[in-house]
Each structure stands twice: as structure tokens, then as C-alpha cells.
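I have placed the structure first, in the form of C-alpha cells, so that the comments after it can refer back to it.
The values are calculated or read from the model by the stated rules, or taken from the named source; none is laboratory data. Predicted model, so just to flag it, every value in this text is computed and none were measured. Please note: Cβ atoms are built from the backbone with ideal geometry, for glycine as well, and neighbour counts cover all protein chains shown.
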Amino acid sequence: MAPKVSFPQIVVAVGTDHHPFDRLVEWIDEYVAIRPGTTLLVQRGTSRPPANCDSVELLPHGELCEVFATAVATVSHGGPSTVMDARMAGRLPIVVARDPALGEHVDDHQIRFTEHLARHGMARVVDDRRSLHALLDEALAHPDRFAVPIEDASMIGVMEFARAVDGILATTTPIVPPSPAGVGDERMRTLR
């Protein structure tokens with residue numbers, strides 16, 4: 001495991017799916033190779049480690065949210081949780097969907113989800129390396145274009161849904177401690 005970058009400019013998260021997402025990691029590795037001095041942290045899962053920047057296989061959820069909150073730009077696979085974590089940290093994520101035709105996932109739900117995100121302006125969605133590199137350049141030059149208001153309403157909805165499912169299944173869903181960014185801490189405590 002490479003050393004963790006304290007405050008990377010760019011954080012990349014491929015999620016926890018067992019399918020490698022080497023395509024995205026390769027695009028990121030190429031980006032940092034041609035832009036020395038850019039600090040990146042890649043949460044790579046089962047993907048090959050990048051050669052030109054720091055990476056970790058997995059990050060605990062709280063740490064991932066913390067680095068999202070301190071980064072200039074976030075890059076995510078098309079997983080709904082990761083995308084929403086980036087938004088909850090105040091970042092407009094750059095999203096690359098896993099493609100089942102390339103062995104990156106079991107179905108096309110990430111492709112369909114990212115189309116929805118793009119239609120509603122909830123993420124900047126890309127599907128090629130050139131577009132990804134251009135958006136990263138834009139994010140570093142104009143960080144304000146990749147900042148979003150921190151709103152905790154979506155998390156409260158998720159917690160209400162979890163509570164309803166717990167009632168039906170007679171279980172207790174563990175709720176992650178309040179976000180490192182401090183998003184909605186008081187209101188979320190009252191839902192527990």
C-alpha cells in the first residue's frame with residue numbers, strides 16, 4: 001500500500017465491486033504522468049495499482065468522505081453511494097460508468113444511472129480519457145465549477161428508508177457516524 005496523500009487535489013474512487021476498473025485507473029495514471037506536481041489519491045479496489053500516484057485498495061467510508069471534502073476534484077465510478085458521498089462532501093463528481101461489455105460490472109446499471117446524473121446536472125459524466133483529462137484540467141483551474149451546496153436532505157431520506165426497511169425486516173442497520181465534513185450531524189442524530 002502506497003502512503004496516503006494528506007490533502008490530494010484529486011481523489012478517485014472505483015468502489016468496492018470485485019470487478020477491476022483498470023480502464024479508469026489507467027486514464028488517471030496517464031493524467032498524472034503528463035501533469036507532474038498534481039497530487040492524486042486513487043481508491044483502486046481490485047484494479048491494478050497506478051504507477052504515477054498514490055493508491056490504496058480500500059479506504060474506510062469516513063476517510064473517503066473526508067478526502068472528498070478536502071479535494072479540489074473527485075472522480076468516481078458510477079456507483080450511487082460513491083456519487084452521493086462526493087456530493088455530500090460539496091463536490092460535483094466527475095463520473096465514469098463501469099462497462100459490463102469490458103468486464104467491469106455484471107450489468108449496465110451504472111451506465112443508466114450516469115445518464116440520469118448527466119440529464120439532471122448532478123455529475124459531469126465522461127466515457128473517454130480525453131474528456132476526463134479535460135475535466136480534471138478544468139476542475140484544477142476553476143474549482144468553483146466543481147463545488148455544490150452541501151445539502152443533507154438526501155442523507156436524511158436514505159436514513160428514513162433504512163429505518164423503514166429495518167422495521168419490516170426486524171433488523172438494525174448500522175448507521176455510519178456523522179460525516180467527517182459535518183454534514184447534517186444534528187438532524188441525522190435525531191433520526192437514530
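The table that follows gives values for the structure above.
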| item | result |
| --- | --- |
| Unmet criterion (only one of (1) within 25 Å of Asp137 (Cβ to Cβ); (2) in a loop (DSSP other than H, G, I, E, B)) for Val25 | (2) |
| Hey, Arg130 modelled with pLDDT under 95, assigned by TED's automatic domain parsing to the domain that holds Thr82, under 24 Å from Val14 (Cα atoms) and surrounded by fewer than 15 Cβ atoms within 10 Å (Cβ to Cβ) or not | no |
| Criterion (of a type in the set (Asp, Glu) and under 16 Å from the mean Cα position of the chain (by Cα)) met by exactly one of Glu30, Glu63 | Glu63 |
| Of residues in the range 76-93 being assigned to a helix (DSSP H, G or I) and among the small types (Gly, Ala, Ser), the one surrounded by the fewest Cβ atoms within 10 Å (Cβ to Cβ) | Ser81 |
| Which numbered condition Gln43 misses (of (1) in contact with a His (Cβ under 6 Å, 6 or more places away or on another chain); (2) closer than 16 Å to Gly78 by Cβ) | (1) |
| Residue under evaluation Ala101, criteria (1) assigned to a helix (DSSP H, G or I); (2) closer than 15 Å to Gly15 by Cα; (3) at pLDDT below 90; (4) not charged (D, E, K, R), criterion not met | (2) |
| Test: residue in the range 77-90 that is among the polar types (S, T, N, Q) and either within 22 Å of Ser131 (Cα to Cα) or at pLDDT 95 or above (or both) | yes |
| Unmet criterion (only one of (1) buried (at least 22 other Cβ atoms within 10 Å of the Cβ); (2) without any contact (Cβ under 8 Å) to a residue 40 or more places away in the chain) for Ala51 | (1) |
| Ala147 among the small types (Gly, Ala, Ser), touching a residue at least 12 places away in the same chain (Cβ under 8 Å), touching a Leu at 6+ places or on another chain (Cβ under 9 Å) and buried (at least 21 other Cβ atoms within 10 Å of the Cβ) | no |
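Here is a yes/no grid of residues against (1) surrounded by fewer than 22 Cβ atoms within 10 Å (Cβ to Cβ); (2) without any contact (Cβ under 8 Å) to a residue 40 or more places away in the chain; (3) part of a strand (DSSP E or B); (4) among the aromatic types (Phe, Trp, Tyr):
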{"site": "Phe7", "(1), (2), (3), (4)": "yes, no, no, yes"}
{"site": "Val12", "(1), (2), (3), (4)": "no, no, yes, no"}
{"site": "His18", "(1), (2), (3), (4)": "yes, yes, no, no"}
{"site": "Ala33", "(1), (2), (3), (4)": "yes, yes, no, no"}
{"site": "Leu58", "(1), (2), (3), (4)": "yes, no, no, no"}
{"site": "Phe68", "(1), (2), (3), (4)": "no, no, no, yes"}
{"site": "Thr74", "(1), (2), (3), (4)": "no, no, yes, no"}
{"site": "Val95", "(1), (2), (3), (4)": "no, yes, yes, no"}
